[in-house]
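Only one structure is covered here, and it is reproduced in the block below.
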Amino acid sequence: MAEYTGWLIDLFDDPEGGVVLWLLEESGERLRLRQPFPVTFFASGPSARLRALWQYLEAQPEPLKLERQERRDLFQPAPIPVLAVEVANAARQPRLFQRAAAEFNDLTFYDADVPVALRHAAVFGTFPLAHCRVEVDEKKQIRRLEPLDTRWTLDPPPAPLRILSLEPDCDPNHGAPSGLLVRYEQYACRLALQPARPLLVNLRALLQHYDPDLLLTAWGDTWLLPVLMDLAREYNLPLPLNREPGRGVAIRQQRSYFSYGQIVFRGQQITLFGRWHIDRHNATLWGDYGLDGTLEAARVTAQPVQAAARLSPGSGVSAMQVVCALQIGALVPWRKQQVERPKTALDLLHSDQGGLVYQPLVGLHRDVGSIDFISMYPSIMVRGNISPETRPHDPREEGQDPPGLIPQTLGPLLEKRVALKQRLGELPPWHPQRIADKVRSSAHKWLLVTCFGYLGYKNARFGRIEAHEAVTAGGREALLRAKEAAEDQGFTILHLYVDALWVQKPGATQPADFQPLLEDIAARTGLSISLDGVYRWVAFLPSRVDDRVPVANRYFGVFQDGSLKARGIESRRHDTPAFIARVQTELLEWLAKARDADELTLYIPGALKLLRSRLAELRAGKVPPQDLLVGLKLSRKVEEYRTPSAAARAAAQMEAAGKPTAAGQRIRFLWLRGQPDVHAWDRPDPVDPRRLDLERYRELTLRAAETVFLPLGLEPAILRQLICSHSFASPLRPQLSSGGGKIITTEAQRHRERSTEDFNAASLRQNVSKVSSSVSLW
Amino acid sequence: MNLPVLSLSNQLALVIGPHAAQAQMLDLAARLAAAGPVRVLDCGNQFNVYPVARAVRRQTAGLSEALGRIRLARAFTCYQVLALLEETPAESTPTLVFDLLATFYDEDVKLPESQRLLRICLSGLRRLAQAAPVIVAARPPKPVVYAERVILLESLRAAASTVWETVDAAAPSAEPPLSLPNSSPSPRSGSRSTPLADGVGE
Amino acid sequence: MGRTLPSVTQNFLIEEESFSRFRRALRRSDQLVLDDLFASARRHLAAAAYAAHALPMEIFLLAMLLEEHKEVQRLRAQVERVEVLIVDTLPDDLDAGPAPDPEDDQNG
């Protein structure tokens, strides 16, 4: 018997029975171990049918153990009788189940389609990169497995992963790569793609000698690996992409599907056995949280790394729920069968709502406290015990039911998130740990944000619409109590948005001034709340279309520490060209230099100058075309458009060039003068820079600038005049709301009478003669 | 206005139209609710309370009471439709089923499976129809899947004892009201002796 | 997922649209005032949503009235301030009689 300690790299079913585990042993060796692992699924229904199923299964070739049991279905009040089917060979279970389900489609099945990694996680507490101790016999069979940390461990010992990075020297969608950039440890080199034979020989040697744990590629799923595999076949020089001997790589086709009301496009996927393949361009939220975030997502959801990298946070949430259900002995439904309990039309009016979304007081405000509930919906689910099988209650009180599946699933994740967030708050800005903590926190955030939506999702196994509605009802209640607490303490509410408030009070300028309010809100709601910061100034923006109409989620502002926050404006949108986003951000950063709201006017001339010079660059053709790319999503397949949108016109160009497009794909293109008015970026032929529609880009840039200047009192017409002329004088003073809650709105510029500002007595005296002529006096 | 319910008798009636005659069904729900209890099984996420409220208000001041008499449950997949029907007891309350086939047309569910589930649902609907009138609304499949899935609509048609078809959704003023022929069923509502719904929805 | 009813904003736009014939037949200047009324109701959509009223138009009308009354209150306060200031600026020799009424020129 040998004992090893190390990190779990991969786990999958063994065609010969049981599971294969790959362990990164502390000494540096990568061990292939095996473990017997029978898996069980269940069926429920009328006794006669279960008997028939028993007979059917007994006649099957697979070795099985059949037993009558009683198990808990969360959607039923009491445990139900089921037929338990234990399959010795986990790899054979899916096929066996498919056959049984087809034959007995009237029965209800449970635990039927659970991936083996999740089953293992429920039984042994394992997960990707779990630090474990194993006892192994001479045949490399695991006799004992003991995890040494958990999915929730805050700072697990880092695994010394070997990462091999492969990427083509240019974007294969846009050109023809001629070489491969290879990186590992401190080495970097370039391999020519042609001739193929030496390339294959070199890659083979690299894979064998370096033996990476992670193959990190660019376009590996959709281009690089398929190309390499084709070459390997052609030249009969197989590439040992898998670490696991005797198995091919797993290939999944691309597809477009509908999710949460949007078309989503998933490219083809190629996954390996014994090591991981992650394609940076096909990895979920890679831009958001990169490798460390992906590994954290895999860790807390117990999903295999390659799956966590490619699947949405929704499947991560589902995985967590499944593992928790298995751990507490609750049956995992195969299909979502739960239906809504009848409610009256009146009930529907009250329950079918989302979060409270107010219209802000449009304009520029100073010394504004931004207060957020911490993970509001998940907190309500945990503290209010909202779960398909429980009765929800006010988070301030004790409930009647023991904690349900959802609170048990989310509780540890929420704790970890809060702990990490708190630590982030304590670390100094320069600390290297911050980056790692931030991305891991981001992974947690995405999962938590998703789990609420998942509760109401029609296909979610443990979803239940009443629970989903109870969460939003709890959210509305909490926000209203927070509003009442703020108003009781004399604050003016500038804006409310689902789980956040913006408040202002004369004299409240420091975080400490908001502390009593935070405490009061926490007491009234039973939920955690925090101060996001105090804004030196913040501008709430009106609708682009009609500036009398406030918009709930468009604003920008500067915190006391000088950092900028912006929402909903051009630089935050995915479709905005990089150049325009940059200009807008530069303008904001310039204005952020003002130490307080009063100094803002002083910075306007500088901002105008900046804008003018950027526009001059644009006009002079100095902006590279990449920075002018617009990225719009295709809402359907190209053929399905009656009048093609700009994205569709660009997609048509790509199709004509032999590059198929799919619904949900983001199409990058440039605006051109004349016809055709778009140029798809991923076309093989480059664009003629002289054809770029600079006038249109100028217009887009000016609009982005207008967004910034409008709250400062600079109307679009005046802004344009100033840009065209060369006047630098600051033409106005934006009047800001002081702590007295008096504000200036953009309407006030046009309809002075609408402003709630006090009349300046002095200016009134000037007007008194005018007034007295129209007011009859006694 | 209790007439319509009595003269309908206990049967499975079918309305076919673009948008599964949503506007007419909402109007019908309003009329029934103004007079007594009604059950709604919403299989296509169509039950918009607001037009119902406006229609009820035109008939009676007791808006809350009427809305309180509408009992509604929603199904978002065809398996849920099945489960919903199984859980719904046969009662002497009229039942309106909105957009029954919406989830059965879903390409993610294979046709033989859809057909199997629909068969079971139809027997469930017939069970309910023995105790009270059941009015089912459906729409034809989208052109993309028409050829394959229209058989589901045909099965439903065959199971109904009365079938109405509305015509052009774009010309609401031209919509024939849902009215009940006294004698044999006819494809278009011809006789207006016992109109079920005057006027049209929105 | 599971949202069946239109949002409060959608309801608002539907109601606004239902008055489009009335609006069309109004004089242009009156149309702008009507638009202002609807815009003012729009400030209170969150509260309208929370109200979960079966006939949302009643809430929108109340919201319009709310804004109108705010305006009345503001104007009333403003008028009072103006009156105070005018009294302040009146000459001390008030016994000389009331100030000439500028409208006198127009009478008679």
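The values are calculated or read from the model by the stated rules, or taken from the named source; none is laboratory data. This one's a predicted model, so the numbers in the text were calculated from it and none came from an experiment. Glycine also receives a Cβ, built like all others from the backbone with ideal geometry; neighbour counts cover every protein chain displayed.
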Practice problem: Filter the range B:74-107 down to the residues that are at the interface with chain A (Cβ under 7 Å from one of its Cβ atoms) and small (Gly, Ala, Ser), then identify the one that is farthest from residue A:460 (Cα to Cα). | Solution: B:83
Quiz item: Considering the range A:425-451 alone, what residues qualify as being at pLDDT below 90 and among the aromatic types (Phe, Trp, Tyr)?
Solution: A:430
Exercise. Mind listing whichever residues of the range B:79-131 are under 25 Å from residue B:143 (Cβ atoms) and touching a Gly at 6+ places or on another chain (Cβ under 6 Å)?
Key: B:98, B:99, B:102
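When you check residue A:30 against the structure, is it touching a strand residue (DSSP E or B) at 6+ places or on another chain (Cβ under 8 Å), surrounded by fewer than 21 Cβ atoms within 10 Å (Cβ to Cβ) and under 20 Å from residue A:157 (Cβ atoms), yes or no?
yes
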Practice problem: Identify, by number, the condition in (1) assigned to a loop (DSSP other than H, G, I, E, B); (2) at pLDDT 95 or above that residue A:215 doesn't meet. | Solution: (1)
Exercise. Could you tell me which residue of the range C:1-43 is farthest from residue C:57 (Cα to Cα), considering only residues that are more than 9 Å from chain A (Cβ to nearest Cβ), part of a loop (DSSP other than H, G, I, E, B) and not aliphatic (A, V, I, L, M)?
Key: C:27
Exercise. Please verify whether the range A:337-352 includes one or more residues that are touching a residue at least 60 places away in the same chain (Cβ under 8 Å) and among the hydrophobic types (A, V, I, L, M, F, W, C).
Key: no
Quiz item: Mind checking whether some residue in the range A:367-376 is in a loop (DSSP other than H, G, I, E, B), surrounded by fewer than 24 Cβ atoms within 10 Å (Cβ to Cβ) and not aromatic (Phe, Trp, Tyr)?
Solution: yes
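Under the condition of being out of contact with any helix residue (DSSP H, G or I) (no Cβ under 8 Å at 6 or more places or on another chain) and surrounded by fewer than 21 Cβ atoms within 10 Å (Cβ to Cβ), which residue from the range B:133-160 is modelled with the lowest pLDDT?
Step one: of the range B:133-160, the residues out of contact with any helix residue (DSSP H, G or I) (no Cβ under 8 Å at 6 or more places or on another chain) are B:143-144, B:146-147, B:150, B:153-154, B:157-158, B:160.
Adding the requirement that they be surrounded by fewer than 21 Cβ atoms within 10 Å (Cβ to Cβ) leaves B:143-144, B:146-147, B:150, B:154, B:157-158.
Values: B:143: 86, B:144: 81, B:146: 87, B:147: 88, B:150: 93, B:154: 94, B:157: 94, B:158: 94.
The selected residue is B:144.
Tally the residues that are closer than 30 Å to residue A:347 by Cβ and either acidic (Asp, Glu) or touching a residue at least 60 places away in the same chain (Cβ under 8 Å) (or both), restricting the search to the range C:46-94.
Taking the range C:46-94 first, the residues closer than 30 Å to residue A:347 by Cβ are C:46-66.
Those left that are additionally either acidic (Asp, Glu) or touching a residue at least 60 places away in the same chain (Cβ under 8 Å) (or both): C:58.
Final tally of qualifying residues: 1.
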Practice problem: Take the residues in the range A:540-562 that are touching a Gly at 6+ places or on another chain (Cβ under 8 Å) and outside any strand (DSSP E or B), then tell me which one is nearest to the other protein chains (Cβ to nearest Cβ). | Solution: A:560
Quiz prompt | Answer from B:115, B:46 - the residue that is in contact with an Asp or Glu (Cβ under 7 Å, 6 or more places away or on another chain) and either within 13 Å of chain A (Cβ to nearest Cβ) or not basic (Lys, Arg) (or both) | solution = B:46
Quiz item: Could you count how many residues in the range B:114-126 are more than 16 Å from the chain's Cα centre (by Cα) and in contact (Cβ under 8 Å) with a residue 12 or more places away in the chain?
Solution: 5
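Yes/no per residue for (1) part of a strand (DSSP E or B); (2) in contact (Cβ under 8 Å) with a residue 24 or more places away in the chain; (3) surrounded by 17 or more Cβ atoms within 10 Å (Cβ to Cβ); (4) touching a strand residue (DSSP E or B) at 6+ places or on another chain (Cβ under 8 Å):
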position: A:62; (1), (2), (3), (4): no, yes, no, yes
position: A:65; (1), (2), (3), (4): yes, yes, no, yes
position: A:76; (1), (2), (3), (4): no, no, no, no
position: A:81; (1), (2), (3), (4): yes, yes, no, yes
position: A:85; (1), (2), (3), (4): yes, yes, yes, yes
position: A:95; (1), (2), (3), (4): no, no, no, no
position: A:99; (1), (2), (3), (4): no, yes, no, no
position: A:112; (1), (2), (3), (4): no, yes, yes, yes
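Would you mind finding the one in B:57, B:71 that is within 19 Å of residue C:52 (Cβ to Cβ), within 11 Å of another protein chain (Cβ to nearest Cβ), over 17 Å from the mean Cα position of the chain (by Cα) and basic (Lys, Arg)? I'd like the intermediate steps shown before the answer.
On the way: B:71 fails: over 17 Å from the mean Cα position of the chain (by Cα).
After applying the criteria, what remains is B:57.
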Quiz prompt | Scan of the range A:426-477 for residues that are out of contact with any Pro (no Cβ under 7 Å at 6 or more places or on another chain), away from chain B (no Cβ under 14 Å) and not in a helix (DSSP H, G or I), ordered by number | solution = A:427, A:428, A:429, A:430, A:431, A:432
